[in-house]
Structures are given as C-alpha cells and as structure tokens.
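**Q** What follows is a structure written as structure tokens; I'll ask about it next.
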Amino acid sequence: MNVYLKNFIRQTFENRGKALDLGAGGMRDVAWLKRGGWRAWGVDIKTGVDLENVYLSPDRPFDLVFSNYVLHKLRNRRNLIETARRNLKKDGWFFLHTFDRSDKNSSSALTVATVRSLLRSGFKKVSVRKFLLYDNEPGHKHWHVILEVRAQRSSENKKVRSSLSRLVSKQVKKNQRAPVPRSPS
Ligand SMILES: C[S@@+](CC[C@H](N)C(=O)[O-])C[C@H]1O[C@@H](n2cnc3c(N)ncnc32)[C@H](O)[C@@H]1O
C-alpha cells in the first residue's frame, strides 16, 4: 500500500466512499481500500483499459481517483488527467504519484511545472510537491524523486465543458470497445 495515499485518505475523508485507481497494477491499493470499507475499482492495461485514451468508468462518479507511477509512462498525459477529472464528483479528490525528471532511476520527463500545467483547468486546490523516497523493494534499493499531486475537481463553465467533450469523444469511444473492467472480488 502506498503510505502517502493512505495518509492522504485519512486526512481528507471523514467517510468512506467510492474510489478508482488508474493503472492499478496488482490492485494492492484497491484491496486495502476495500478492506477499509470503501467501494473501490482498479483499471489497467492488463484489465483492457488503455489510459492513453480517455476512459469513463460505468461506476462513476467517484469521491477519489488516484494514479500512482503511471503518468510518466504515457505519451498522451493529458488524457489521464482528463480521465481523472471526468470520473470524479464535483469536489472529489485526485491523488497522483509520478517521478520527477531529475530522478536517475526513471526515464520520466515530468517536472512540477509540466504537471501543474496539466491540471490548469477543471481542478482547484492544486498542490504539487517533490520529495525523495527510498525504494526498498527487492531488486530496487535506490532513491526516487517523487512528484505528488493533490487536487480537487472544480465545476467548469459550459464553454470549457463543450470543447473538452469534443476533444475526448473519440478517445472515449475507443476505450468503450474494451471489456468492462471490474475490481477483483
Ligand atoms: C509501476 S506500475 C504501478 C502500479 C500501481 N499503480 C502501484 O502504484 O503499485 C505501472 C502500471 O501502469 C500500467 N500501465 C502502463 N501503461 C498503461 C496504459 N497505457 N494504460 C493502462 N495502464 C498502463 C502497467 O500495466 C502497470 O500496472
């Protein structure tokens, strides 16, 4: 379990709710949330959802959407941020971890500024912080420079909404052809 996500959830939510993990891998964080009484789902390329395209969950809207260590892998990063935004309730929270460009143990090209620019519209209370984290997993044992994003979905005006809808409609159609992902029981 990502302990930073765990602390964020404890600090931010008084009640349990619904959560979506984008790029959930082995579903560890999804499983932790479920044990704690959340309703949680995870999607990944392995469950048939390609996050290069905007994905709309049939279980939306969510109180929390999170994505850890996926953004830097994508070519179309805007679509992951748009996926987070479109699956959130108004005032729902987005949490993200990725690697900074200065991280010698990743090939990430992201910086605080580039990540901030991705969250320029559709979000409020955006915070992006950079910190060092020691990866103690067997076979890793090295330092990472982490970027952590916390942001809340804001309401949007009609003009922004209609131009975004046009922009993502093709992408959504692509992902709707994939099997509907479900979190493991
Ligand atoms: C480093 S793992 C992180 C897993 C999990 N989020 C965590 O924190 O443990 C990166 C995950 O991103 C997924 N992934 C990579 N490219 C993807 C894509 N285009 N669409 C969906 N998932 C993708 C991989 O399958 C993998 O599970």
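**Q** May I ask you to say which residue of T83, T47 is touching a Phe, Trp or Tyr at 6+ places or on another chain (Cβ under 8 Å) and touching a residue at least 12 places away in the same chain (Cβ under 8 Å)?
**A** The unique qualifying residue is T83.
**Q** I'd like to check something: does region 22-34 contain any residue that is surrounded by fewer than 21 Cβ atoms within 10 Å (Cβ to Cβ) and more than 14 Å from the ligand (Cβ to nearest atom)?
**A** Within region 22-34 (the criterion being surrounded by fewer than 21 Cβ atoms within 10 Å (Cβ to Cβ) and more than 14 Å from the ligand (Cβ to nearest atom)), the answer is yes, since at least one residue qualifies.
**Q** Scanning region 35-52 for residues that are within 11 Å of the ligand (Cβ to nearest atom) and surrounded by 21 or more Cβ atoms within 10 Å (Cβ to Cβ), which turns out farthest from the chain's Cα centre (by Cα)?
**A** The extreme case among them is V49.
**Q** A further question on this structure: Given the conditions (1) buried (at least 16 other Cβ atoms within 10 Å of the Cβ); (2) at positive phi, and given that D91 satisfies all but one, which numbered condition is not satisfied?
**A** In the conditions (1) buried (at least 16 other Cβ atoms within 10 Å of the Cβ); (2) at positive phi, D91 misses (1) alone.
**Q** Return only the number of the condition from (1) surrounded by fewer than 18 Cβ atoms within 10 Å (Cβ to Cβ); (2) more than 13 Å from the ligand (Cβ to nearest atom); (3) within 27 Å of R101 (Cβ to Cβ) that P61 does not satisfy.
**A** (3)
**Q** In addition: Return a yes/no flag: does region 132-140 have any residue that is surrounded by 12 or more Cβ atoms within 10 Å (Cβ to Cβ) and free of Cβ contacts under 8 Å to residues at least 40 places away in the same chain.
**A** Yes, region 132-140 has at least one match.
Bear in mind these aren't lab numbers, they're just calculated from the coordinates by the rules spelled out. Just so we're clear, the structure is a prediction, and the values are computed from it rather than from any experiment. In this analysis, Cβ positions are derived from the backbone assuming ideal geometry, glycine residues included, and neighbour counts consider all displayed protein chains.
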